[in-house]
Amino acid sequence: MVEEHPLTDRSVSRRIGVWTGADIRQPPGVASLKEFAVVGWDDTRFGDTTTHTQDIFTRVAQFEALGAGGSNDAARYAIGAMGGLAAVGLILLVLSFAARRGAPPAPARRNAPA
């Protein structure tokens, strides 16, 4: 038996948004595992015929309990990589500020006579 898991209670109006003036299409995005799925779609619920606002909404549907702790090496590597990228970004930011302080001022430009 398949259970239904509604992700939204609103329908999308195609009379407003980018669908009316251009041929820009945003198909729904789905990423799923055995335990859960993440779905994203374009939604016009905050739009009207004046603003034509269109936003991206996402929802997570969880089907089974997620394991806590355990030996998930992929999560450890991902967190380590994010920390490493943040550290490198911070170091580059500090170095760029230090280089600006130590650089001599640029000479004033003089217009050459024509």
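Values quoted throughout were computed directly from the atomic coordinates according to the rules given, and no laboratory measurement underlies them. What you are looking at is a predicted structure, and each value in this text was computed from that prediction instead of being measured. So basically every Cβ, Gly included, is an ideal-geometry build from the backbone, and we count neighbours across all protein chains shown.
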Points 7 angstrom from Cα along the Cβ direction at Leu85 and Phe46: gap in nanometres? 2.5
Once both label points are put 7 Å beyond Cα along the C-beta direction, the Glu4-Leu66 separation in nm becomes 2.7
